[in-house]
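Scroll down for the structure; my scribbles are underneath it.
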Amino acid sequence: MIASTASLGSSGQGRQTQVDPLAALRAPGDPPWDVYLTGTVFLDIVFTGLDSAPVRGTESWARGMGSSPGGVANMATALARLGLRTSLAAAFGDDHYGEYCWDALEQGEGIDLSPSRTVPGWHSPVTVSMAYEGERTMVSHGHEPPPEEPAPDCPPRARAAVASLTPGRAAPWIAQAARTGTRVFGDVGWDDTGEWDLAALPDLKHCEAFLPNAEEAMRYTRTACPRAAAHALTEHVPVAVVTLGAEGAYAVDRRTGETASVPAIAVEALDPTGAGDVFVAGFVTGTLAGWPLADRLAFAGLTAALSVQEFGGSLSAPGWSEIAAWWRRVQSVEGQDPAALRRYAFLAGLVPEELVRPWPLRRAVPTIGFRRSA
């Protein structure tokens, strides 16, 4: 297991992509977008520096606060910061929160919002997250969503799409995307129905990869072991990736017969918000770049590990500068396992020397509290 001895951050919003992981594969006639996704954008307000959980009947003061787009914006930001041309279809409120989120995603992260829309009179959903002791507590508020589905009937051409599968409900855009050659990567949330029936995920048949966590995978497959669950899932989808928390991740590719197991990276976890989204973004990046299964899994785990060292969802998504800084740093730490270092040796050919910045990096935390100067 590789240990990282310092936390790192990012340059915040307005970053410029410095590595194009698909550069060698791009050709005339390619889809205009690398990844398409749709969902609900929240305004996330994150309180940090709490010594403990809030106590009923008392007032707690946080030493820090940040705000950023959340919800599906966590995934979109993670993809864009890894150099993928990302298109997002979402509904935005016409309040200041919605305006801030739109600007942060379009101008700050370079995400295409042409399939998105502003809904007059709709209040943007808000989540307040309190981070302490490596855990989080969240409170959300939102009005009924707009009646129209934010996803267009004909999604834009893209190499890949990330879809959140909902038990008992099909999303027509997923089948449409798959029919046009888009590679669909599916994740899933907790099944509140308690049925855990794969037949209730009708869009799974359109997915190239399915990425549940260990508990979800075992419940869906009625198995007692995450690895057995991953193998069982390949009866329904070509690639199954099961995340194992502190134990890393395990993946099986039915078409090639490959399996891969990658341990987690030991880091000081401050806030797990958005780590699952970052993991999926890393795996999608490696898949589109054509990397071996083990490299894809290792890269996904690395990006997720870097994200939990910072507070917030989209705020914590790492870019190539953070990845480069980590790779250079861990090679100089005494006592590293040579075998573990070799597991990430593929990074040497991806991150140029000029990307490396002084260690540790510091994150700029944006806020909606300030106006631009005239």
Inset, instruction - Could you please put 154, 225, 207 in sequence from largest to smallest accessible area, using a 1.4 Å probe? - result: 154, 225, 207
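Could you calculate the FRET efficiency of residue 65 with residue 224 from 1/(1 + (r/R0)^6), where r is the beta carbon distance between them and R0 is 56 Å, rounded to 0.05?
According to the calculation, E is roughly 0.85.
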Inset, instruction - Roll a 1.4 Å probe over the protein heavy atoms and report the accessible area of residue 255 in Å², nearest 10. - result: 140
Legend entry - residue 250 accessible area, 1.4 Å probe, all protein chains in place, Å² to nearest 10: 20
Legend entry - Global form of the stretch 66-138, assessed from the alpha-carbon gyration tensor, a/c cut-off 1.5: oblate
Legend entry - Calculated P(r) tail over 24 Å for the stretch 105-216, as whole % of Cα pairs: 44
Inset, instruction - Averaging sequence separations of C-alpha pairs under 8 Å and six or more residues apart, then dividing by the length of the stretch 62-205, give the relative contact order as a whole percent. - result: 17
Legend entry - Residues with amide H under 5 Å from that of residue 163, placed H, sequence gap 5 or more: 185, 186, 187
Inset, instruction - Using only protein heavy atoms and a 1.4 Å probe, report how much of residue 141 is accessible, in Å² to the nearest 10. - result: 100
Legend entry - Percentage relative contact order, the stretch 218-272, counting C-alpha pairs under 8 Å, at least six apart: 22
Inset, instruction - State the extension gain, in nm to one decimal, for the chain segment bounded by residue 205 and residue 128, taking 0.36 nm per residue of separation less the distance between their alpha-carbons. - result: 24.2 nm
Legend entry - At 1.002 mPa s and 20 °C, Stokes D of the stretch 103-144 from Kirkwood alpha-carbon radius, µm² per second: 164
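Can you tell me the relative contact order of the stretch 115-267? Whole percent, Cα pairs under 8 Å, sequence separation 6 or more.
Taking the mean separation of contacting Cα pairs over the length of the stretch 115-267, I get 13 percent.
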Legend entry - Spacing of the two label points (7 Å from each Cα toward its C-beta) at residue 337 and residue 136, in nm: 2.8
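The values are calculated or read from the model by the stated rules, or taken from the named source; none is laboratory data. Note that the structure is a prediction, hence the values are computed from the model and not measured. Virtual Cβ from ideal backbone geometry, glycine too; neighbours counted across all protein chains shown. With ligands, DNA and RNA removed, areas are computed over all heavy atoms of the protein, side chains included. Shrake-Rupley method; radii C 1.70, N 1.55, O 1.52, S 1.80 Å.
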